Amino acid sequence: MWILSETSFDPTKQHHKETIFTIGNGYLSTRGTFEEGYPNDRRATFIHGVFDDAPVVVTELANTPDWLATQVVIDGEKFSLATGTILAYRRDLDLQTGVLRREVRWQSPNGRVATLIFTRFASLADEHLLALRCEIIPEFDGQIELRSALNGQTDNEGLLHWRHIAQGQLADGAVFLRTRTRKSGIELALVMRLVGDAALTTTFWDVENVPTLRQVYQARSGTPIVVNKFVGVATSRDTGNPLELAHHHLQRVTDWDQELTAQRRAWACEWERCNVVIEGDEEADLAVRFSIFQLLIAAPRHDQRVNIGAKTLSGFGYRGHAFWDTEIFMLPLFIYTMPEVARNLLDYRYLTLPAARAKARAAGYEGAWYAWESADTGEEVTPTWVPDFHDKKKLARVWTGDLAIHISSDVAYAVQQYWQATGDDAWYIERGAEIVLDTAKFCASRAEWLADRGCYGYTDVIGPDEYHDHVNNNAYTNLLAQWNLRAGLETLAWLEQHAPQKAAELRQRLDLTAERLQHWQTVAEKMCVNIAANGLIEQFDGFFKLKDVNLADYEPRTKSMHEIFGIEGANEYQAIKQPDVLMLQFLLREHYSDSQIRVNYDYYTPRTDHTYGSSLGPPIQAIVACQMGDVDEAYEHFIRAARADLRDVRGNAGDGIHAASAGGVWQAVVFGFGGLRIHPDGTWEVHPRLPKHWQQLTFRFTLRGVMHIVTCYPDGRAIVA
Ligand code: IFM
């Protein structure tokens, strides 16, 4: 299934629908709001990297001017779904081509009837180009007026980020708007041109900050009127002269069909590399493709200075900030299907090393400590205080920016994964190795010698399970740091052999003395971990002494256990927000036998808040359940993740796509049900375990430049092409 459809309009679901009908091209995304507007809509177009200062959240993606703005006036009455009568409605997002189409048959309050068809796409073939077609089929004779605008009066939920610079009409009739972010000073230019049926009159309305082209048409019953609005867009992040660049992209446009053909071709190339087909389960088939689509439209193809926010570019949630969600949840899709995108995202981490070093230094450590929430510069932008979820008038302290140190090892892990999958030695030598070494340096510097335990560890941290803060020796944090330290040592040894000059340079620049390296070795060897004889790992010191909890006792519920217990209260129980020990065992799969995973799976699964905890949890839980052979249970977790946005299971999809969950859905299908296992030496195997009702699963992945297409069958067979 390729088409996401909506066959009736329900205003109570408008924010959710705006999110899932988002279109984009890796440069920008536009939420699925209506061209003509609707009361209380959350109109937004976000462009990668266009951040501006904001109170509390430090910085946020600035909602850019509205390029969709189009009013249709039908014999004197403005078309709006808030007035008149909707006689027919449907909206389709074609995931195969990235084209969104809405068709409405509408009767005005005065009884005029017309069918309006709006089609839009953000060109993947030319990321500086946006296209919108408006087709009107009147069922009356009279007059139709179109007001096509560039609306600079946008805000971020009330906060204004833009200062108008200029607007006007160029010699070729194109209309432009120039504006600049108030604090970060990023200039943006939009240039619009209309192509289509000849109007009786076309007038330029020079409305301040909303330059508009007004066209008047003679309406004849049954005769369509078609107008194509093309918009070129560029910012000062791209060029010294955004207006010129935006105009340039517009000037080469000839007609709609040509741009649409280019769009289809560009998308066909993308799907060729990453499509997944599930036969026997239409919902899952659509959901996995939707998840991939959402990540592809947020994937920077030509920019190494941006990361993908936790809500992609599809909503105001998390303000465009990026988390470990990228490296651990989204990146595998890119690493194994579009490695050049993965490299861009890792380049962002390389380019933000100075900020990561500064963060470590400011806290009294060495090496690179990446920001828990990262935006344009890589500086820490986690808000310190946010409104408490019990009482919005109170503030709650957010500790992740201070305590979630595992982010550095997560980044290093992703670097190694990319390198192993691609064999991209040149990039690794140039950039990747430095990340692994400097994060290892941080891991060693942050490690404390715990004399009473006779081991090194990390006190006062937060692991993936954020229901518990200020914990000591979180197993995930400790063992990923141990992995990072060893990866650092191996990296240096590899560099000595394959790029001795680079090894020497890094040794000197990062001060990698023999004593320091010896210390890394010692810290790694003597890393604290509480592991019982049967392989059960204690999530952190004292976890097993906390009050046990039977989550079934709290059912049915509509709140997270965090909300039920309260921030302080949750620290006293063994209820966890998302897989933590299991996450560790998933990432370091090679280090654990099935029986070691089983014992942890049995312990932690019933204590995890799968329904209302983190949306990051279910796909990982699904993968581990598959590995344990619990396919029915795996499916339950998988489908919960698959529905996160499509069915708005958490009630917050209006804030934007759950990007980590989307990446996790792909991983759950490929690594879980598909059973793909890639070993550190680059060899791989597949052991499919399909849900009962799946007749076939086909996925593709690329390793060392070779694409493999794997078809899995219910009897566990896999055929590789
Ligand atoms: O990074 C996650 C975190 O693990 C759980 N809370 C939401 C964050 C952003 O998705």
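FYI, it's all coordinate maths here, none of it is from the lab. Being a predicted model, the structure only gives us computed values, none of them experimental. Every residue, glycine as well, gets a Cβ built from its backbone with ideal geometry; the counts of neighbours run over all protein chains shown.
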Give the residue that is nearest to Thr702 (Cα to Cα), with candidates limited to residues of segment 268-306 that are within 16 Å of the ligand (Cβ to nearest atom) and under 9 Å from the mean Cα position of the chain (by Cα). Leu295
For segment 512-533, does any single residue satisfy the condition of being farther than 23 Å from Asp681 by Cα and within 16 Å of the ligand (Cβ to nearest atom)? no
State yes or no: is Ala131 of a type outside the set (S, T, N, Q) and more than 29 Å from Arg252 (Cβ to Cβ)? no
Do we have any residue at all in segment 327-340 that's closer than 30 Å to Glu157 by Cα and in a loop (DSSP other than H, G, I, E, B)? no
Top-ranked residue in segment 397-425 [being within 16 Å of the ligand (Cβ to nearest atom) and outside any helix (DSSP H, G or I); ranked as surrounded by the fewest Cβ atoms within 10 Å (Cβ to Cβ)]: Arg397
Would you please list the contacts, defined by Cβ atoms under 7 Å and residues six or more apart or on different chains, that run from a residue in segment 692-721 that is over 17 Å from Gly672 (Cβ atoms) to a residue that is of a type in the set (D, E, K, R) and in a strand (DSSP E or B)? Gln695/Glu279; Met707/Arg700; His708/Arg700; Ile709/Arg700
Any residue in segment 202-213 that is farther than 11 Å from Ala174 by Cα sitting within a Cβ distance under 9 Å of a residue that is hydroxyl-bearing (Ser, Thr, Tyr) and surrounded by 14 or more Cβ atoms within 10 Å (Cβ to Cβ)? List the pairs, counting only those 6 or more apart or interchain. Thr203/Thr212; Trp205/Thr212; Asp206/Thr212; Asn209/Thr179
Residue that is touching a Lys or Arg at 6+ places or on another chain (Cβ under 8 Å), small (Gly, Ala, Ser) and more than 16 Å from the ligand (Cβ to nearest atom), where the choices are Gly682, Gly613, Gly617: Gly682
Of all the residues that make up segment 313-326, how many are crowded, with 24+ Cβ neighbours inside 10 Å, in a loop (DSSP other than H, G, I, E, B) and more than 11 Å from the ligand (Cβ to nearest atom)? 3
If you check Ala634, Ala641, Ala660, Ala622, which single one turns out to be small (Gly, Ala, Ser), without any contact (Cβ under 8 Å) to a residue 60 or more places away in the chain, out of contact with any strand residue (DSSP E or B) (no Cβ under 9 Å at 6 or more places or on another chain) and within 16 Å of the ligand (Cβ to nearest atom)? Ala641
Residue pairs, Cβ under 7 Å, 6 or more apart or interchain, first in segment 454-474 and within 18 Å of Lys545 (Cα to Cα) and away from the ligand (no atom under 14 Å from the Cβ), second hydroxyl-bearing (Ser, Thr, Tyr) and in a loop (DSSP other than H, G, I, E, B). List them. Asn472/Thr459; Asn473/Tyr458
Matching residues in segment 235-247 - criterion: being under 30 Å from the mean Cα position of the chain (by Cα) and farther than 21 Å from Thr70 by Cα: Thr235, Ser236, Arg237, Asp238, Thr239, Gly240, Asn241, Pro242, Leu243, Leu245
For segment 546-565 the number of residues that are more than 16 Å from the ligand (Cβ to nearest atom), under 20 Å from Arg397 (Cα atoms) and in contact with a Lys or Arg (Cβ under 9 Å, 6 or more places away or on another chain) is 1
Of the conditions (1) among the hydrophobic types (A, V, I, L, M, F, W, C); (2) surrounded by 20 or more Cβ atoms within 10 Å (Cβ to Cβ); (3) touching a His at 6+ places or on another chain (Cβ under 9 Å), Ile225 fails just one. Which one is it? (3)
Considering each of Val341, Val306 in turn, give the residue that is touching a Pro at 6+ places or on another chain (Cβ under 6 Å) and closer than 29 Å to Leu437 by Cβ. Val306
Return yes or no: is Glu568 within 16 Å of the ligand (Cβ to nearest atom), over 24 Å from Met330 (Cα atoms) and among the acidic types (Asp, Glu)? no
